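The next block holds one structure in the form of structure tokens; read it before the comments.
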Amino acid sequence: MKRARVAYSGAIHDAVEFEDRLKLDDGRIVGEEEVVWLPPVQVRTVFALGLNYADHAAELAFKAPTEPLVFLKGPNTFIGHRGQTFRPHDATFMHYECELAVVIGKQARKVKQQDAYHYVAGYTIANDYAIRDYLENYYRPNLRVKNRDTCTPIGPWLVDAKDIDDPMNLTLRTYVNGQLTQEGNTKDMIFNIPFLIEYLTSFMTLNKGDIILTGTPVGAVNVEVGDEVVTEIEQIGRLVNTIVAKPTI
């Protein structure tokens, strides 16, 4: 099942996909363009992977890591489907990152790889923008690169884990103004989903609603104000986002 969170008629609703429309938790059926899309889950702790695709590491002239490069993201970075992302006025290189997002479904501690999928509630799409101008050291990503308000659209759907045939064999694509600019497959991750869950839970507890952003493949292209960026993942959907100028006041 595909699940969403939306704002409609002055209230926030859980919703599900229903015949190319949305069925709200109060039973009303509405069009997808009649609502304001929110992140499909209420964001808790978010773990983001850097350089988790070897081709993307090479693209940025970095050596692929031998241990997961993980950093945290704050909740204010996240916006919903059809949202607007601010481009800083002084940025010269700001690029999208189409990523498979893994949503944890129950508390997890000391999980082994063979049991990892039992702790996954579902999957969604994240577009984790990076402003490379602010990068000091990719192996220690700083806050201004990856934690800016509005810079991580996520959604539109949370797709139940049981509805994804194989999360480690999904095609990812990004389109800028309708032109295909990025294409890859989750099978090319350096550290796969079970490994990441075992790794993280070996030293900390994951809770329901926590999210793991699993990295992006090759194809980082600069985006400008006015660009429409569509990130899509097979079996999950298409996440639409527009770049706008950041106010100077």
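The values are calculated or read from the model by the stated rules, or taken from the named source; none is laboratory data. Note that the structure is a prediction, hence the values are computed from the model and not measured. Cβ placement follows ideal geometry from the backbone for every residue including glycine, while neighbour counts extend to all protein chains displayed. These accessible areas exclude ligands, DNA and RNA; they are computed on the full protein's heavy atoms, side chains included. Shrake-Rupley method; radii C 1.70, N 1.55, O 1.52, S 1.80 Å.
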- Query: In nm, what is the difference between 0.36 nm times the number of residues separating THR248 and VAL16 and their Cα-Cα distance?
  - Reply: 79.7 nm
- Give, in nm to one decimal, the length gained when the segment between ASP149 and HIS118 is fully stretched (0.36 nm per residue of separation minus the Cα-Cα distance). 7.9 nm
- Task: Output the antiparallel fraction of DSSP beta bridges having both residues in region 60-212, as a percent to the nearest 5.
- Result: 90
- Task: Show which lysines lie in cross-link reach of LYS106 when reach means a straight Cα distance below 21 angstrom and same-chain residues fewer than eight apart are skipped.
- Result: LYS2, LYS73, LYS162, LYS208
- Message: Using a 1.4 angstrom probe on the protein heavy atoms only, could you order MET94, MET1 from most to least accessible area?
- Response: MET1, MET94
- Query: Going by the alpha-carbon gyration tensor, a ≥ b ≥ c the square roots of its eigenvalues, is region 46-97 rounded (a/c under 1.5) or, if a/c is not under 1.5, prolate (a/b greater than b/c) versus oblate?
  - Reply: oblate
- Message: Principal axis extents for region 67-139, Cα atoms only, whole Å, descending order, please.
- Response: 46, 32, 18
- Honestly region 1-145 on the Cα gyration tensor test (a ≥ b ≥ c root eigenvalues; a/c under 1.5 rounded, otherwise a/b vs b/c for prolate or oblate) is just oblate
- Quick calc: nm separation of the 7 Å Cα→Cβ label points for THR205 and ASP166 -> 3.6
- Task: May I ask you to list the residues of region 29-50 whose amide nitrogen lies under 11 Å from a point 7 Å from Cα along the Cα→beta-carbon direction of SER9?
- Result: 29-30
- Task: Within region 56-100, which residues have the backbone N less than 12 Å from the label spot 7 Å out from VAL225 along Cα→beta-carbon, could you tell me?
- Result: 86-91
- Top of ARG87, ARG109, ARG28 by mean-square fluctuation, Gaussian network on the chain, Cα under 10 Å: ARG28
- Dipole magnitude of the chain about its Cα centre, charges +1 at Lys/Arg Cβ and -1 at Asp/Glu Cβ only, in debye to the nearest 20? 860
- Taking the chain and counting helices only, DSSP H stretches of n ≥ 4 at -39,500 (n - 2.57) each over all residues, the nearest-500 ellipticity at 222 nm comes to -2000 deg cm²/dmol
- Once you put a point 7 Å from the Cα of VAL218 and another 7 Å from the Cα of THR92, both along the Cβ direction, what distance in nm separates them? 2.5
- Query: What percentage of the solvent-accessible surface of the chain, computed with a 1.4 Å probe over protein heavy atoms, is contributed by carbon and sulfur atoms?
  - Reply: 48
- Query: Taking square-rooted eigenvalues a ≥ b ≥ c of the alpha carbon gyration tensor, is region 150-249 rounded, prolate or oblate, where a/c under 1.5 means rounded and, failing that, a/b exceeding b/c means prolate?
  - Reply: prolate
